[in-house]
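The block underneath contains the structure these notes are about, expressed in structure tokens.
Just so it is clear, none of the values below were taken in a lab; they were calculated from the coordinates. Treat the numbers as computed from the prediction; the structure is a model and nothing was measured. For neighbour counting, all protein chains shown are included, and Cβ atoms are generated from backbone atoms with ideal geometry for every residue, glycine included.
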Amino acid sequence: MKAAIQHDATTEAVRRRLAGGRVDLASYLFQATLFLSLMAALGILVVLLVDVVGGALPVFAERGLDFLTAPTSSDAGQAGVAQGIFGSVVLTVVVAVLAMPIGVGAAIYLEEYATDTALTRFLNTLVRNLAGVPAIVYGLLGLAIFAQALGGLTGGRSLIAGALTLAVLVLPIVIITAAEALRAVPASIREAGFGVGATKWEVVRHHVLPYAAPGIFTGTILSLSRAFGETAPLLLVGAVTGGFLVRNAGVVEQLQGPYTALPTVIFSWTRLPDAGFRANTAAAIVVLLAVMLLVNATAIILRNRYDRRW
Amino acid sequence: MTTATQPPTLSVDDLRGSHARRRRELAIRLVFFAAAGLSVIISGLIVLSLIGEATNFITRVAPDALLDPAFFPQRELFGIPTLVVGTFIVALIGMAVATPLGLGAAIYLSEYAQPRVRKALKPVLEILAGIPSVVLGFFALTVISPQVVNPLCPGVTPLSNYAAAGLAVGILITPLVASVSEDAMYAVPRSLREASYGLGAKKRTTSIRIVVPAAVSGIVAALIIAFSRAIGETLIVAVASGATGGGRFTLDPCGPGQTMTAAMTSLAIGSDRPRGDSLAYPSLFFIGLLLFAMTLVLNIIGEAFVRRVRRAY
């Protein structure tokens, strides 16, 4: 609508006539400045990608897939990201299993069940504020609660302690995005369900959730990708010294054992002065960004495709 | 009438449906309520886990060690002002980058860009916002510091410095500023713009004098939330502002220095070893509590501004 007016030839002609045929230079400069700031914001992304990919190419050219399958090493020519990838994937899966059902459940309560009471408003405020707590503070929570207070169960600074910390970190984001998706489903859908005698749960299960599902899934995927790239809490809950996974161990031992994650590997390599590790860091960043950008872009494109206007 | 002829079998209980169905409804409701209630437990645990060790620290630390113009935990010097000032230097440099870039991009997207361009670029901003901060830390150290900061600063600058970290933080929060303030500007009703055009105002005048003031709550909220993100940002400063193990009080943006989150990171990496007697471990929680309080206050103020936008239109 706005665009139709903006680009209407008549409007433009009238405006030019009113301006007395003069070119409004200041307006053009203003528009150019705005455009440049947008381009600068996006251009930095391009510079970053070019720089990182440029630094990473020699490593991939020389070592190929070996970089992805080799374990960490103090020798830059042999060090790989296998443990980092494994750790990150396990962390993300555990976070998904924990945070998604709880987050969606909480969102269903807040949007579908809760009435507008002081308690509901308090819960909503709490969730929004939890989403703004810095990641490193969640690391302190994980250190104090999951690694130390519950150390007997989790095995101290272990994979499961890290996963629990990340799950708590993304939970408020999952709740907020899921609640937004539920809110977008119009009330008439629910009323139709109630009208034929369905109970609250039946309405939610069969009428609201199917429509909200695309939004909920993209929101969850975006939060999981945030967990995948998060480093700060993991530095507090273990994983810096390059944990080595316990080989030939059961699932419980694996979860209670030391671990490392891809962003943590990047962090510790960044701090090494060796030029070989600088190239390795760039290569590891390419792996991390490739996974995250792919996942994020898929989620955002899917959301835009299934974006439903009621 | 009809009521007299109707058999008196239909009671309120019949309308409620079956007993089992109602019990199931209640159980499901309780499960969802428990999920929502978990956020209360998490908030409680955050505060609890921070306050315990933080009070342990504050009762044992010497007051003059707390105000010392240096932060060296191994030497029992916990100059908290040093860290807070460092944090603000980095965050303010970040805001100096993100405010003009973010707002400029937002005005362009909301007022000038064609709908097709806007629809294509908004997701790109979101993707940009999703870049992990550890990547920007590496970028700050390898590109920003040698190629941007070094030529601007007098003399030979150390590789790690506040300016490089601040610029990288600015890049990190620019998409956030752009996205949140664009939402606010886009939400300004079209009638306001049309009224302005009707009075003969130019597009530029309408953008600056009508749209921006109408969306000011949202813009302020965007800036506050971005500032809160900037002071809580960890990996960029841990990698690029340098000073592992401690730092002196400095206002020089070209020099290396410690911030709250960078100090926490280096404490955490080393805190495997000294437990028990050392004050280094509890100091981690004290700084964390301070950071938590600062970001909480900022977020609450930002949230209040966001609510004002919602009420306005």
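What the table shows:
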item: Per residue convex hull volume, Cα atoms of chain B, in Å³; result: 250
item: Inter-site label distance for A:T69 and B:V124 at 7 Å from Cα along Cβ, in nm; result: 3.8
item: Kyte-Doolittle mean at least 0.0 and Cα axial length at least 24 Å: DSSP H helices in chain A; result: A:25-63, A:82-108, A:159-183, A:209-229, A:275-306
item: Average Cα contact separation per residue, chain B, under 8 Å, 6 or more apart, as relative contact order %; result: 26
item: Percent of alpha-carbon pairs separated by more than 47 Å within the protein assembly as shown; result: 20
item: MRE, 222 nm, helices only [DSSP H, n ≥ 4, -39500 (n - 2.57), over the protein assembly as shown, to nearest 500]; result: -22500 deg cm²/dmol
item: Helix B:162-186 axis, angle to chain B major axis (alpha carbon atoms, nearest 10°); result: 20
item: Acute angle (nearest 10 degrees) that the helix B:80-107 long axis makes with the longest principal axis of chain B, alpha-carbon atoms; result: 60
item: Counted charge near A:E230, where neighbours are those whose Cβ lies closer than 14 Å (Asp, Glu -1; Lys, Arg +1); result: +1
item: Spin-label proximity, A:N304 to the stretch B:170-197 - amide N less than 20 Å from point 7 Å beyond Cα toward beta carbon; result: B:175-187
item: Electrostatic dipole magnitude of chain A [Cβ: Lys, Arg +1; Asp, Glu -1; Cα centre; debye, to 20]; result: 700
item: Inter-chain Cβ neighbour average for residues B:110-121, partner chain, 10 Å; result: 3
item: Computed E for A:R271/A:L25 - FRET, C-beta separation, R0 56 angstrom, nearest 0.05; result: 0.65
item: Cβ-derived FRET efficiency at R0 60 Å, A:A9 paired with B:T55, nearest 0.05; result: 0.30
item: At 0.692 mPa s and 37 °C, Stokes D of the stretch A:44-98 from Kirkwood alpha-carbon radius, µm² per second; result: 254
item: Charge dipole (debye, nearest 20) of the stretch A:22-118; +1 at Cβ of Lys and Arg, -1 at Cβ of Asp and Glu; result: 240
item: Cα-derived Rg over Rh, computed across chain A with Rh taken as Kirkwood radius; result: 1.09
item: Distance between the stretch A:23-37 and the stretch A:39-85 - C-alpha centres, whole angstrom; result: 39
item: For the stretch B:80-96 versus the stretch A:86-112, the gap between their alpha-carbon centres in whole angstrom; result: 34
item: Farthest positive-ward along the protein assembly as shown dipole, Cα basis, beta-carbon charges - from A:L143, A:S158, A:G193; result: A:G193
item: Lys, Arg +1 and Asp, Glu -1 on Cβ, resulting dipole of the protein assembly as shown about Cα centre, debye, nearest 20; result: 1920
